[in-house]
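The values are calculated or read from the model by the stated rules, or taken from the named source; none is laboratory data. Source: prediction; values computed, not measured. Cβ atoms come from the backbone with ideal geometry, glycine included; neighbour counts cover every protein chain shown.
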Amino acid sequence: MLKPVYALVDCNNFFVSCERVFRPDLWDKPVAVLSNNDGCIVARSNEVKALGIPMAVPYFKVSDVLKQNNVTLFSGNFQLYGDFSQRVTQILQQESPDIEVYSVDESFLEISSLPIKDYEAWARTLKAKIFKWTGIPVSIGIAPTKTLAKAAADFAKKNESTEGGFSIVGDDTKHLELLKWLPIGDVWGIGWRTTPKLQEYGIRTAYDISLASDTWVQSQLNIRGVKTAHELKGESCYELESNNEPQKSIAHTRSFPHAVRNYYELEGAIATFAAQTAAKLRSQQELAGAVMTFLRTSKYTKIQHSGSHVVTLLPPTAETGKIVAAALEGLQAIYDPDFGYKKGGITLFDLKPRAAWQLELGGNIADIDRQAALMATIDQLNNHYHTRLVRHAIEHTERSDWRSRQQQRSPNYTTNWAELPIIKAS
DNA sequence: TCTGGGGTCCTAGGACCC
DNA sequence: TCTGGGGTCCTAGGACCC
């Protein structure tokens with residue numbers, strides 16, 4: 001059995017890079033992408049990082065600095081980014097069938113069985129191909145564990161001399177160099193909460209924690225912390241995860257641009273969220289066994305209030321009508337007119353594959369099939385028109401307080417015919 | 001009324017990731 | 001005025017049982 005070799009392919013400044021594909025004029029200019037509601041910064045070009053703008057900072061806190069430095073802003077166009085993500089993934093799938101799509105902008109490959117002589121040369125070739133075919137720059141880290149591969153990709157991204165590819169496989173010197181270079185807070189699995197705690201004990205780098213004993217790490221962190229430390233030493237604890245594993249929950253939550261007190265408004269929002277999750281559920285051929293509705297006031301005000309309520313779906317279902325009804329039942333249970341709500345959402349859980357359930361419980365098959373056909377038709381229409389053309393009346397979508405702001409969204413260049421870029425001959 | 005230990009199961013909240 | 005969204009996993013603590 002070969003020792004595993006993991007490659008992490010990480011798209012640089014992903015959302016910014018997607019926007020730049022269609023705006024080459026911005027290639028070397030400062031660019032940032034905003035979250036929903038244009039609330040936070042969720043992607044920054046190197047130029048913006050150099051200004052000291054941190055990740056996920058609220059936009060209003062840095063709007064002055066951004067203006068002074070002529071930063072071009074985009075509202076998040078997540079449909080566009082999803083499309084680019086798929087294009088990059090397709091290229092990686094050709095490279096190796098052993099792939100885990102870890103997030104929208106990162107994938108792990110297991111490459112020990114590939115005939116590669118020089119891992120860094122391989123990485124640079126792959127990087128060039130991805131850039132040529134999609135316009136997205138990537139960094140690639142190669143190591144005997146996933147945690148080290150993440151660190152190596154980080155190193156590649158921040159050190160130009162690597163030309164975007166860094167491998168520590170079979171090289172103890174580079175392994176050690178990487179550990180000593182990596183700040184403890186940048187280790188995969190060590191977050192903002194535990195970083196200061198570890199620093200108090202003098203643990204400042206990945207190297208420091210790789211020296212700590214299992215019992216000590218377990219007592220300060222948890223079992224995952226122990227695994228992380230082992231992975232840093234080069235002992236693989238996390239395998240490639242297949243993307244075939246079914247999801248455990250589906251959520252749709254939104255912050256509202258203003259506090260919403262009106263029940264009718266909240267009803268429209270919750271119904272819309274429920275319908276959206278139901279459509280996603282169906283696209284995955286699954287049924288939900290429960291739906292949770294939640295509301296909360298702003299996290300940043302004195303008065304705090306939140307509530308959630310779970311409604312069981314028996315039998316499990318993927319029908320929009322039933323899921324919306326259950327979500328609204330939850331809403332009624334938690335709604336309190338004394339509060340203005342800033343955020344709300346729904347989560348579907350106890351998910352099960354549709355096929356398995358039908359065999360197991362039977363039920364009225366004819367009725368289920370009729371409903372399924374109706375849902376399929378609605379999904380087809382909505383998918384075709386890339387909009388929620390057909391919907392329940394209660395999902396009122398007229399101008400409402402809860403609708404997100406998106407003031408600077410770029411066109412859906414690649415997923416909507418109407419927004420295709422136009423090249424003018426001159 | 002006081003005194004237990006040990007086991008399981010469930011849930012809420014926390015921490016982490018991108 | 002303005003502070004993201006969608007996930008997973010782990011743990012502590014409560015409820016319950018014997």
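Give the number of residues within segment A:41-52 that are surrounded by fewer than 21 Cβ atoms within 10 Å (Cβ to Cβ) and within 17 Å of the chain's Cα centre (by Cα).
So the answer is 1.
Would you say A:A376 is away from DNA strand C (no atom under 16 Å from the Cβ), at pLDDT 80 or above and either over 26 Å from the mean Cα position of the chain (by Cα) or over 19 Å from A:A271 (Cα atoms) (or both)?
Judged against the criteria, A:A376 is a match.
Keeping to segment A:225-248, report how many residues are within 23 Å of the chain's Cα centre (by Cα), more than 15 Å from DNA strand B (Cβ to nearest atom) and touching a residue at least 60 places away in the same chain (Cβ under 8 Å).
Adding up the residues that qualify gives 4.
Name the residue, out of A:F15, A:F78, A:F74, that is surrounded by fewer than 19 Cβ atoms within 10 Å (Cβ to Cβ) and under 17 Å from A:R409 (Cα atoms).
A:F78
Given the condition surrounded by fewer than 17 Cβ atoms within 10 Å (Cβ to Cβ), among the acidic types (D, E) and touching a helix residue (DSSP H, G or I) at 6+ places or on another chain (Cβ under 6 Å), answer yes or no: does some residue in segment A:186-200 qualify?
So far as segment A:186-200 goes, no, none of its residues is surrounded by fewer than 17 Cβ atoms within 10 Å (Cβ to Cβ), among the acidic types (D, E) and touching a helix residue (DSSP H, G or I) at 6+ places or on another chain (Cβ under 6 Å).
Go through segment A:201-214 and give me each residue that's at pLDDT 95 or above, more than 14 Å from A:T147 (Cα to Cα) and part of a helix (DSSP H, G or I).
Those that are at pLDDT 95 or above, more than 14 Å from A:T147 (Cα to Cα) and part of a helix (DSSP H, G or I): A:D208, A:L211.
Do any helices (runs of 4 or more DSSP H) entirely within segment A:114-193 hold 1 or more residues that are within 26 Å of A:K227 (Cβ to Cβ) and without any contact (Cβ under 8 Å) to a residue 12 or more places away in the chain, and if so, which?
A:146-158, A:172-181
With respect to A:L266, determine if the residue is part of a loop (DSSP other than H, G, I, E, B) and at pLDDT 90 or above.
No.
Mind checking which pairs have a first residue in segment A:89-109 that is in the same structural domain as A:S139 (by TED's automatic domain parsing) and a second that is of a type in the set (S, T, Y) and away from DNA strand B (no atom under 15 Å from the Cβ), Cβ under 8 Å, 6 or more apart or different chains?
A:I91/A:T134; A:D98/A:S113; A:E100/A:S242; A:L109/A:S96
Among the residues of segment A:21-37, which ones are within 20 Å of the chain's Cα centre (by Cα) and surrounded by fewer than 22 Cβ atoms within 10 Å (Cβ to Cβ)?
Selection gives A:S35, A:N36, A:N37.
Would you mind stating whether A:N70 is within 20 Å of A:Q406 (Cα to Cα), over 17 Å from the mean Cα position of the chain (by Cα) and touching a residue at least 12 places away in the same chain (Cβ under 8 Å)?
Yes.
With the requirement that a residue be exposed (fewer than 14 other Cβ atoms within 10 Å of the Cβ) and away from DNA strand C (no atom under 13 Å from the Cβ), what does segment A:216-264 give you?
Across segment A:216-264, the qualifying residues are A:E235, A:Y263, A:Y264.
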